[in-house]
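Chemist: Right, I'll just put the structure down here and ask away after.
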Amino acid sequence: MEPYQDDPRRSVAERVAAAARRRFPADVLAVAVHGPLAHGDDDGGGDGEVGLLIATYRPGTGPRPATRRVDGVLVDLTVTAADDHLERARSITALWPLVADRYVTTRALHDPTGWLPALRDEHLATLARARPAEFTGAARQAWYRGCAAHARAARLAQWYETDQALLMLGEARLAAATVTGLLGRTYFRDPGDAVRRTGLAGADMTEVGAVLARQAEELAARGRPVDGTVDDLLAG
């Protein structure tokens, strides 16, 4: 973060962290930044120019999650109980490629107990222990989301609902990128990074459909076929 010592985003982040500690001294365990400020560059951004995480000792304490512009800088404030956040870091879900960066690349503004290194270590340990089936199972769930979005985009395009079709196509691109991340155990900084690195950023309807078809074949080869029977559905 050294190149950003004089960056107004960093100044705002530090002021928010100081104010949170001052107003909620018994609740705040750690305060950290994620996204561009954590990486020390200007790529990506997520939901704000400053992504700020406040970990509290107990659920329901500390400030409320919020998004506001402060001195011209958009701040996205996430507030979570430390134990709950650690538990999420220990699981592999269909959104893992889009959330893992927040467990691995988060920079402390206040962390007297070393909670952030523990968060990173817990997540990395989970990855080391995870079985392939956990990733393929999560990938299949992400694939279903992409398949549904692609099918809806195609129908909307047939009905000349172009704007809605483009929105759904964007969802299909992101879901397909997420599947690729899960199958390759690769996480991304944010949705833009996901579709860019997987080559799906400019993919049209036909190209996204072809990617989803190849992914379905790979999932079947890995023992996670996307098609099933009524009994399969009811059995979960």
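Chemist: Of Thr113, Thr180, Thr126, which has the most accessible area and how do the rest follow, probe 1.4 Å?
Modeler: In descending accessible area the options line up as Thr113, Thr180, Thr126.
Chemist: Right, here's the next one. Loop only per DSSP, at most 16 neighbouring Cβ atoms within 10 Å: give me the trypsin sites (Lys or Arg not before Pro) in region 172-232, ordered by residue number.
Modeler: In loop regions of region 172-232 (DSSP not H, G, I, E or B), the sparsely surrounded trypsin sites (Lys or Arg not before Pro) are Arg185, Arg222.
Chemist: To the nearest 20 Debye, how big is the dipole of region 83-128 about its Cα centre, given +1 on the beta carbon of each Lys and Arg and -1 on that of each Asp and Glu?
Modeler: That gives region 83-128 a dipole magnitude of about 160 debye.
Chemist: Classify region 142-224 as rounded, prolate or oblate from the Cα gyration tensor: take a ≥ b ≥ c as the square roots of its eigenvalues, call it rounded if a/c is under 1.5, otherwise prolate when a/b beats b/c and oblate if not.
Modeler: Oblate, because a/c is 1.5 or more while a/b does not exceed b/c.
Chemist: Here's a follow-up. When the accessible area of the chain is split by element with a 1.4 Å probe, what percent falls to carbon and sulfur?
Modeler: Answer for the chain is 51 percent, counting heavy atoms of protein chains only.
Chemist: Restrict the search to region 107-180; then list the GluC sites (Glu not before Pro) that DSSP places in a loop and that have at most 13 other Cβ atoms within 10 Å of their Cβ.
Modeler: Answer by residue number: there is no such site.
Chemist: Would you look at the GNM of the chain, springs on alpha carbons closer than 10 Å, and say which of Arg58, Arg22, Arg90 moves the most?
Modeler: Arg22
Chemist: Of Ala194, Val12, Thr56, which is farthest on the positive side of the dipole of the chain, counting Cα position, with +1 on Lys and Arg Cβ, -1 on Asp and Glu Cβ, and the Cα centre as origin?
Modeler: Going by the Cα projections, it comes out as Thr56.
Chemist: What helices does the chain have that are whole DSSP H segments, at least 30 Å long along their own axis by Cα, and with mean Kyte-Doolittle hydropathy of -0.5 or more?
Modeler: 132-158, 162-183
Chemist: With the Cα gyration tensor of region 180-236 giving a ≥ b ≥ c as the square roots of its eigenvalues, does the rule (a/c under 1.5 for rounded; else a/b larger than b/c for prolate; else oblate) give rounded, prolate or oblate?
Modeler: Judged from the Cα gyration tensor, region 180-236 comes out prolate (a/c at least 1.5, a/b above b/c).
Chemist: Along the charge dipole of the chain, which of Leu86, Ala153, Ala176 sits closest to the positive end, that is, farthest toward it, with unit charges on the beta carbon of Lys, Arg, Asp and Glu (+1, +1, -1, -1)?
Modeler: So the residue we want is Leu86.
Chemist: Looking at the chain as a GNM with Cα springs under 10 Å, which of Ala153, Ala89, Ala221 has the largest mean-square fluctuation?
Modeler: Highest fluctuation among the options: Ala221.
Chemist: In region 146-236, what chymotrypsin sites (Phe, Trp or Tyr not before Pro) fall in a loop by DSSP, with at most 16 other Cβ atoms inside 10 Å?
Modeler: Of the chymotrypsin sites (Phe, Trp or Tyr not before Pro), the ones in loops of region 146-236 whose Cβ has at most 16 other Cβ atoms within 10 Å are Trp159, Tyr160.
Chemist: Roughly how many debye, to the nearest 20, is the charge dipole of the chain about its Cα centre, given +1 on each Lys and Arg Cβ, -1 on each Asp and Glu Cβ, and no other charges?
Modeler: 460
Chemist: Taking a ≥ b ≥ c as the square roots of the eigenvalues of the Cα gyration tensor of region 94-236, is the shape rounded (a/c under 1.5), prolate (a/b larger than b/c) or oblate?
Modeler: oblate
Chemist: Accessible area per residue for region 81-236 in Å², computed with a 1.4 Å probe and the full protein assembly in place, what is it?
Modeler: That works out to 54 Å² per residue.
Chemist: Here's a follow-up. What number, rounded to the nearest 500 deg cm²/dmol, is the helix-based mean residue ellipticity at 222 nm of the chain, given -39500 (n - 2.57) per DSSP H run of at least four residues and division by all its residues?
Modeler: Rounded to the nearest 500, the figure is -17500 deg cm²/dmol.
The values are calculated or read from the model by the stated rules, or taken from the named source; none is laboratory data. Note that the structure is predicted; figures quoted are calculated from it, not measured. Reconstructed Cβ throughout: ideal geometry from the backbone, glycine too, with neighbour counts over all protein chains shown. With ligands, DNA and RNA removed, areas are computed over all heavy atoms of the protein, side chains included. Shrake-Rupley method; radii C 1.70, N 1.55, O 1.52, S 1.80 Å.
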